[in-house]
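Report on the following structure.
The values are calculated or read from the model by the stated rules, or taken from the named source; none is laboratory data. The structure presented is a predicted model; accordingly, all values stated were derived computationally and were not measured. In this analysis, Cβ positions are derived from the backbone assuming ideal geometry, glycine residues included, and neighbour counts consider all displayed protein chains. Each accessible area value is taken on the protein alone, full model and side chains, heavy atoms only, with ligands, DNA and RNA left out. Shrake-Rupley method; radii C 1.70, N 1.55, O 1.52, S 1.80 Å.
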Amino acid sequence: MTSQLKPVRVPFWGPLTAQVHGIYRRAFPPNEQISLTFLHVSSLRPNAQFLAWIDPKQPTSVDGVPRVVAMTYSQRAHGLLYLAFLAVNDQLRSAGYGSHVLNAICEHNRDLPVFLEIEPVDDPHAPNPHQRQRRLRFYEKNGFELTNMLTEESGDTYRVLRRGAQAAEVSPKQLQRALNSMGLWVVRSRVTTD
């Protein structure tokens, strides 16, 4: 894997967009997906980024379209960066792309604490406990730490992880305000602690 991944804004349509949409739909269960139209439209705001990540060393299609190795959607608000979605192309997992993308995002936003959510790893009824544990280890390996914060969105509960020097200073109330403003007050989040 190259260390020179290229982030490209996801256009509204085209072959690159089709790749990103496919990665997104395969990576996230329907209850965790937000409308792709919403992601595209909200990424027009200066504080949001909907990105396709390209590795120039990956082969292109016969039409010359670059191969998308990962996709991300993030927003900055209320003094933090929220990484809502990170998915690596399922045909290219375990090649280091996820770590590279995470580190590039954190480096580019080094003045902000970075937050993200994962499914709780301690749910005894979870259908995918090993996948949840692997996901947590991946984020911890990349400098994120578990918090005592939980988010509830559309009836689903998630555990909050954070990275960055000022991350510990962000209160649940501040995170909730940031999440709700990012969702344009349409996607509502409630942040609690355990």
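Need the failing condition index for L175 against (1) in contact (Cβ under 8 Å) with a residue 60 or more places away in the chain; (2) farther than 26 Å from H40 by Cβ, just the number.
Condition not satisfied by L175: (2).
From the residues in region 1-38 that are open to solvent by 40 Å² or more (accessible area, probe 1.4 Å) and in contact with a His (Cβ under 8 Å, 6 or more places away or on another chain), which one is modelled with the lowest pLDDT?
Only one residue tops the list, namely M1.
Within region 163-173, can one find any residue that is open to solvent by 70 Å² or more (accessible area, probe 1.4 Å), in a helix (DSSP H, G or I) and basic (K, R)?
yes
Residue check: is Y139 part of a helix (DSSP H, G or I) and at pLDDT 95 or above?
Yes, satisfied.
Pull out all pairs, ordered by first then second residue, where Cβ-Cβ is under 7 Å, the residues are six or more apart or on different chains, the first lies in region 44-67 and is over 18 Å from L81 (Cα atoms) and open to solvent by 60 Å² or more (accessible area, probe 1.4 Å), and the second is of a type in the set (D, E, K, R) and not in a strand (DSSP E or B).
That search, which allows pairs on different chains as well, returns P59/R67; T60/R67.
Among the residues of region 119-138, is there at least one that is open to solvent by less than 20 Å² (accessible area, probe 1.4 Å) and closer than 24 Å to S181 by Cβ?
Checked against the condition, which is being open to solvent by less than 20 Å² (accessible area, probe 1.4 Å) and closer than 24 Å to S181 by Cβ, region 119-138 yields no hits at all.
Kindly provide the set of residues from region 152-162 that are open to solvent by less than 50 Å² (accessible area, probe 1.4 Å) and modelled with pLDDT under 95, ordered by number.
E153, D156
Filter region 139-151 for residues that are out of contact with any Asp or Glu (no Cβ under 6 Å at 6 or more places or on another chain) and loosely packed, with under 14 Cβ neighbours inside 10 Å and give the result.
E140, K141, E145
Any residue that is in contact with a helix residue (DSSP H, G or I) (Cβ under 6 Å, 6 or more places away or on another chain), modelled with pLDDT of 95 or more, within 23 Å of S35 (Cβ to Cβ) and surrounded by 14 or more Cβ atoms within 10 Å (Cβ to Cβ) - is there at least one of those in region 183-194?
Checked against the condition, which is being in contact with a helix residue (DSSP H, G or I) (Cβ under 6 Å, 6 or more places away or on another chain), modelled with pLDDT of 95 or more, within 23 Å of S35 (Cβ to Cβ) and surrounded by 14 or more Cβ atoms within 10 Å (Cβ to Cβ), region 183-194 yields at least one hit.
With respect to the numbered conditions (1) under 23 Å from G143 (Cα atoms); (2) in contact with a Ser or Thr (Cβ under 9 Å, 6 or more places away or on another chain), which one is the sole condition not fulfilled by R9?
All conditions are met except number (1).
Say whether the condition of being over 22 Å from L5 (Cα atoms) and open to solvent by 20 Å² or more (accessible area, probe 1.4 Å) is met by at least one residue in region 79-97.
Yes - at least one qualifying residue is present in region 79-97.
What is the residue count in region 22-33 for residues that are touching a helix residue (DSSP H, G or I) at 6+ places or on another chain (Cβ under 9 Å) and closer than 17 Å to F12 by Cα?
The total comes to 2.
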